[in-house]
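The values are calculated or read from the model by the stated rules, or taken from the named source; none is laboratory data. Treat the numbers as computed from the prediction; the structure is a model and nothing was measured. Using ideal geometry, Cβ is built from the backbone for each residue, glycine included, and neighbour counts are taken over all protein chains shown.
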Amino acid sequence: MHNQQQQDRGGSMLLLATGAAAVATVATLFPPPVSAWLPVAGIAIAIVLLAGLAQWILQQDSGNAAGGSTPSSLNPSQVLELIKTRRSVFPKDMTGEAGAISKQQLATMLDAARWAPTHKLTEPWHFVVLSGAAKAAFEELTIELCQQRLEPEKAEATVAKLRRKQAKDWPKVHCYIAICLKRHQEVPEWEEIAAVACAVQNMALVGSSMGVHGYWSSWQPAARDAPEMHELLQIDAAKGDRCLGVFVVGQGQQERLAGYRPRRQELDEKVLWLQ
Ligand SMILES: Cc1cc2nc3c(=O)[nH]c(=O)nc-3n(C[C@H](O)[C@H](O)[C@H](O)COP(=O)(O)O)c2cc1C
């Protein structure tokens, strides 16, 4: 609905509610039965209309958030600050505090992800949230697949390293969000991977704004690309669908985060201005 139409609707509801309340008040001056039932009916109608008005106001708020107009509450320096202060936070620096991250926060991050740009609107992202028993199964399968699929001498060192992480670091992870690509043949693969990357950045930024941290891990390729992992994540590899790693989610320890140093090369080294 256009803004003007929405405003008209809200205004009409307010006017009718005020009218109904006025009728109810005036009706009390009349003799029964008018003074008995008309005020009740008038107040009931006014309540219904005011409830409609409240709902309309809420709808307007959420409409503004997703409506495409620039939100007036944000200015460029705030947006830039959010972008520059987001950091990849690793499990060793997470609190592991149970209940620190809500499902609603994760849903907000995933909602942000789906607003990434996408060529031909293929929306090639697909996310699998692994928590609880599914998280443990994902970790164990990762180690087993590395054991099975890596060259023996590499497998030994990798599995030992992963077992240490499983004991020490991974318990601090709240959940993994598997970053998956669902292919559409009308768009080259690189464009769809790029769109998924944009989605992940949206997710990371909104997470960062809420104190939900994490990082994009490519994950162990030997495990990530195995048919058993595809089965767990319900990936259809025959169609070209893939797992592009996982977003490792957790709550960062504030004192550790203070030690994170942002590091980027100078803008001039990355930009060629041609006129
Ligand atoms: C596609 C992609 C894959 C990544 N894979 C890993 C990874 O496997 N392991 C890791 O430690 N960091 C990984 N990172 C995170 C980078 O290490 C991190 O972004 C970089 O150090 C810059 O730090 P910042 O994100 O705090 O600016 C990955 C990042 C991207 C975009």
Subset of the stretch 138-178 (residues that are outside any helix (DSSP H, G or I), touching a residue at least 24 places away in the same chain (Cβ under 8 Å) and not β-branched (V, I, T)): L150, D169, H174, C175, Y176, A178
Residues that are among the small types (G, A, S) and crowded, with 17+ Cβ neighbours inside 10 Å, drawn from the stretch 195-208: A195, A199, A204, G207, S208
The listed residue being more than 12 Å from the ligand (Cβ to nearest atom), in a helix (DSSP H, G or I) and within 24 Å of the chain's Cα centre (by Cα), out of E228, E255, E192: E192
Unique residue being assigned by TED's automatic domain parsing to the domain that holds F90 and under 25 Å from E81 (Cβ atoms) when the list is H184, H213, H230: H213
Odd one out for D111, checked against (1) over 16 Å from the mean Cα position of the chain (by Cα); (2) closer than 20 Å to Q251 by Cα; (3) surrounded by fewer than 16 Cβ atoms within 10 Å (Cβ to Cβ): (1)
Members of the stretch 87-107 that are in a loop (DSSP other than H, G, I, E, B) and more than 11 Å from the ligand (Cβ to nearest atom): T95, G96, E97, A98, G99, A100, I101, S102
Conditions (1) at positive phi; (2) more than 10 Å from the ligand (Cβ to nearest atom); (3) surrounded by 15 or more Cβ atoms within 10 Å (Cβ to Cβ); number of the one not met by G211: (3)
Subset of the stretch 205-223 (residues that are farther than 15 Å from P117 by Cβ and either in contact with a Lys or Arg (Cβ under 6 Å, 6 or more places away or on another chain) or without any contact (Cβ under 8 Å) to a residue 40 or more places away in the chain (or both)): S208, S217, S218, P221, A222
Filter pass, A238 being part of a helix (DSSP H, G or I) and within 16 Å of the ligand (Cβ to nearest atom): no
Inter-residue pairs, beta-carbon under 6 Å, first surrounded by 17 or more Cβ atoms within 10 Å (Cβ to Cβ) and in the stretch 227-246, second among the charged types (D, E, K, R), 6+ apart: I235/D241; D241/K182; D241/R183; C243/R224
Qualifying positions in the stretch 195-223 - of a type in the set (S, T, N, Q) and assigned to a helix (DSSP H, G or I): Q201, N202, S208, S209
